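Scroll down for the structure; my scribbles are underneath it.
The values are calculated or read from the model by the stated rules, or taken from the named source; none is laboratory data. Treat the numbers as computed from the prediction; the structure is a model and nothing was measured. Note: ideal-geometry Cβ built from the backbone for every residue, glycine included; neighbour counts use all protein chains shown.
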Amino acid sequence: MKYIKIFSPGSVANVSCGFDVLGFCLDNIGDEMLISKTKAPGIRISKITGQDLPMEVKKNVAGVAAKAMLKYHPVKFGFEIEIHKKIKPGSGIGSSAASAAGVVFGINELIGKPFSNHELIRFAMEGEALASGSYHADNVAPVLMGGFTLVRSIKPIDVIKLPYPSELRAIVLHPKIELRTMHAREILKDKVSLEKAISQWGNLAAFISALYTKDFDLMSRSLVDEIVEPVRSLLIPEFETIKKAVIKEGALGFGISGSGPSVYALAKGSKNGNRIAYKMKSIINQLGIDFDIYISKINNQGIKIISD
Ligand code: HSE
């Protein structure tokens, strides 16, 4: 194989109750990448469309992730990378994760798959660290493994793929304001009270149990975030108004997608999903903020190879 074209999807991290550990993969929004083998060794980013991002390897999340991988597994040839960005950086839908996970997935295919997708997470995470200033795998894990994932540990990487009911739909609203993950992390308090920690791990454990048992009521009771959401939601216009309205409309839960400004809701079935999306749209329209909205199934495959 001389080159590979891939679709690297967006993702929703945290999912309210699982800051830095829980995430799921989206179906219909993602970047495309073309990775080609070159005779000359090393990595070169030859083209980026859709966004204004650094072409310099050490400043680009894909470049950094690819370098981390090849340092661990040197090869005699090199790679040229084209990135066609559809996910906006600073949107909260895993833009950097799509680039970082996409490049390591693509190179792994081109060198005969020495790594499992689980093993690729650690290299992709190097790209995430460049973008956000700290290591977290809750976006790259669902992109590489598909579906819902739980990051038990990042040192060493230990990620569990979770089951989920097939009727589950995600609605993601991206108000077009930019919120850098680095900034959204800096504003968080570094201490959590025992009371809040107890509530958070109770909710996370219950949500995971609900994914296994397909218990939608329990899912709904567990999609709560008492630690991060109260701080970050202040940066998102009319967060509480939208939340109240979509919960009333029957959403299983509502929260910040990753570090924001995108917000997400989960719904049982497409009909509910469409109704909730309609509600979100009508509120954000009244605010006069430009937005994108996606209704997505949970993407169980993750990154896909695109054939010509
Ligand atoms: N868990 C990370 C955060 C995800 O919330 O900062 C960033 O997309």
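Scanning segment 254-278 for residues that are farther than 17 Å from residue 235 by Cβ, in contact with a helix residue (DSSP H, G or I) (Cβ under 6 Å, 6 or more places away or on another chain) and crowded, with 21+ Cβ neighbours inside 10 Å yields 265, 267, 276. Does at least one position in segment 37-48 carry a residue that is touching a residue at least 60 places away in the same chain (Cβ under 8 Å) and over 22 Å from residue 145 (Cα atoms)? Taking every residue of segment 37-48 in turn, at least one turns out to be touching a residue at least 60 places away in the same chain (Cβ under 8 Å) and over 22 Å from residue 145 (Cα atoms). Residue 243 meets the stated requirement of being over 22 Å from residue 126 (Cα atoms), basic (Lys, Arg) and either within 15 Å of the ligand (Cβ to nearest atom) or at pLDDT 95 or above (or both).
Residues in segment 219-232 that are part of a helix (DSSP H, G or I) and surrounded by 17 or more Cβ atoms within 10 Å (Cβ to Cβ): 219, 220, 222, 229, 232. With respect to the stated conditions, residue 207 is buried (at least 22 other Cβ atoms within 10 Å of the Cβ), in a helix (DSSP H, G or I) and either free of Cβ contacts under 8 Å to residues at least 24 places away in the same chain or more than 13 Å from the ligand (Cβ to nearest atom) (or both).
Residue count for segment 142-187 satisfying the condition of being farther than 30 Å from residue 249 by Cβ and among the small types (Gly, Ala, Ser): 1. When you scan segment 284-294, do you find a residue that is of a type in the set (D, E, K, R), in contact with a Leu (Cβ under 9 Å, 6 or more places away or on another chain) and closer than 22 Å to residue 86 by Cα, even just one? Checking segment 284-294: at least one residue is of a type in the set (D, E, K, R), in contact with a Leu (Cβ under 9 Å, 6 or more places away or on another chain) and closer than 22 Å to residue 86 by Cα. Can residue 91 be described as outside the structural domain of residue 235 (by TED's automatic domain parsing), under 26 Å from residue 232 (Cβ atoms) and not β-branched (Val, Ile, Thr)? Against the criterion (outside the structural domain of residue 235 (by TED's automatic domain parsing), under 26 Å from residue 232 (Cβ atoms) and not β-branched (Val, Ile, Thr)), residue 91 qualifies.
Can you tell me which residue in segment 102-112 is farthest from the chain's Cα centre (by Cα), limited to those that are part of a helix (DSSP H, G or I) and more than 21 Å from residue 52 (Cβ to Cβ)? Let's see the steps before the verdict.
Here is the first cut: in segment 102-112, the ones part of a helix (DSSP H, G or I) are 102-110.
When the remaining residues are screened for being more than 21 Å from residue 52 (Cβ to Cβ), the result is 104-110.
Numbers: 104: 16, 105: 16, 106: 18, 107: 20, 108: 20, 109: 22, 110: 24 Å.
Applying the filter and picking the extreme gives 110.
Could we say that residue 111 is under 13 Å from residue 181 (Cβ atoms), β-branched (Val, Ile, Thr) and in the same structural domain as residue 73 (by TED's automatic domain parsing) here? So residue 111 fails the test.
Residue count for segment 64-101 under the criterion of being in a helix (DSSP H, G or I), away from the ligand (no atom under 16 Å from the Cβ) and surrounded by 18 or more Cβ atoms within 10 Å (Cβ to Cβ): the result is 6.
Taking the criterion of being touching a helix residue (DSSP H, G or I) at 6+ places or on another chain (Cβ under 7 Å), among the aliphatic types (A, V, I, L, M) and closer than 30 Å to residue 289 by Cβ, would at least one residue in segment 138-159 satisfy it?
yes
Of the strands (runs of 3 or more DSSP E) contained entirely in segment 1-51, those carrying at least 1 residues that are among the acidic types (Asp, Glu) and within 16 Å of the ligand (Cβ to nearest atom) fall at 22-38.
Scanning segment 106-140 for residues that are of a type in the set (Gly, Ala, Ser), away from the ligand (no atom under 11 Å from the Cβ) and within 25 Å of residue 186 (Cβ to Cβ) returns 124, 127, 129.
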